[in-house]
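Throughout, read-outs are computed from the coordinates displayed, never taken from laboratory work. For clarity, every value in this text was computed on a predicted model and none was experimentally measured. Cβ: placed from backbone, ideal geometry, glycine included. Neighbour counts: every protein chain shown.
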Ligand code: GLN
């Protein structure tokens, strides 16, 4: 039998259902690997809680009431609130915070909403991320950076860096992530794993600590497209009473169409994704992947997404604007940290926020407040909203000519830790290829397609039209049937 930690989610589910291993054995194997916290990937682990959940899974398997992924472990990004583990969103301001409830996504993957119909997964713990999911390298966590399992002198990507590192290092078979401007796709690419951000509104945002509400979306990160399909099927579904932007579309079985042939599939290649800024090593891996897809019967169609460059200023106006509003709730009164020495209410607010928030979060709050302020609202925020609409329209024109869009996830492979420390703009610019789909609310995924400089993983980005997750997963799965990049492991694992 393959070692438990090397099994995919699909293999573990099968192993558990056929009782070749118990949920307690599986959880114990993963907890042992996470011990000592390699890569600083975890922020909270509680083996007692995990083992109790595993025992409950074993009981459901024995009783014949198992969920679809019963007993398979998962790690949750620390922006999903959880009752049984602390939730910090990578921030000091929420140090030690305990939520009185579980996020909808956590419930659906676990024992279900109101303990009904969940997938039955066991929570391994909470994983590190950039503070309030703001970042592209996981260097903005108040609890220290995460390292990339492929080269520990490099970043894992962000903001879901703990999720990606945990999956790549086989500390967890799967993890949840959130993607506001690329935070599932880019760390998946940097760590050589597979991740998908569904259409905005498909997975509930209830219990997901808000960064930029019109962009935030949850999704799975795992090693294969097959696993992502299983996980996404369990995560999605309308949550109309609890999330005002939840889409009223039924849950879907994303595994059902994985077997479709790629014959005749039109893959749009946006010329703006292949310009000067794209590193040669990344380009070579992407070109080879596109050739492989052509060999499977797909047709490459040149397209244009003319406002790609504008996605950076537009996103870095809209996301901070929403963040400045969302983060106003952290005032020392309701949750988490409160400053010790203060003279009056206003000084308590000020000191609490000055002590609790990190540098990048403060930068975003200030930028956001500025672009929303009287006199600048029209010049920045309103203009950005107009261009956001144009970016979405550009995609619709493109989808008249193709079925999916493909290109790089990021312009380079993972960079060295500390590389961009004095230049936050460098991190922003690296988001260029993930931001357009986020602004349009479209589903996007990252698929490992080889290696670049320093033997660092490269991810291919696939973007679909609204609600076309099944098609993206199908393309990725067919590619993974024909190639083995997703099976490569970092050294020593
Ligand atoms: N890097 C982007 C940012 O810092 C995206 C982060 C995300 O998707 N959460 O805002």
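Order by neighbour count: 438, 324, 422, fewest other Cβ atoms within 10 Å first, most last.
Ordered by Cβ neighbours within 10 Å, fewest first: 422, 324, 438.
Per Stokes-Einstein, at 20 °C and 1.002 mPa s, what whole-number D in µm² s⁻¹ belongs to the chain, with the Kirkwood radius over Cα pairs as the hydrodynamic radius?
It diffuses with D of about 96 µm²/s by this estimate.
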#### Entry: Relative contact order of the chain, defined on C-alpha pairs under 8 angstrom at six or more residues apart (%)
17 percent
## Note on the structure
With a ≥ b ≥ c from the Cα gyration tensor eigenvalues, square-rooted, and the rule rounded for a/c under 1.5, otherwise prolate when a/b > b/c and oblate otherwise, the range 4-262 is rounded
## Note on the structure
Percent antiparallel among DSSP beta bridges confined to the chain, nearest 5, equals 70 percent
#### Entry: Relative contact order (percent, whole number), the range 4-262, Cα cutoff 8 Å, 6+ residue spacing
18 percent
### Message
Using only the alpha carbons of the range 330-473, what is the convex hull's orientation-averaged projected area in square nanometres?
### Response
12.9 nm²
### Summary
What helix-only [θ] at 222 nm does the chain give? Using -39500 (n - 2.57) per DSSP H run of at least 4, over all residues, to the nearest 500, the answer is -10500 deg cm²/dmol
### Query
What list do you get for 80, 399, 101 if you sort them by fewest beta carbons within 10 Å?
101, 399, 80
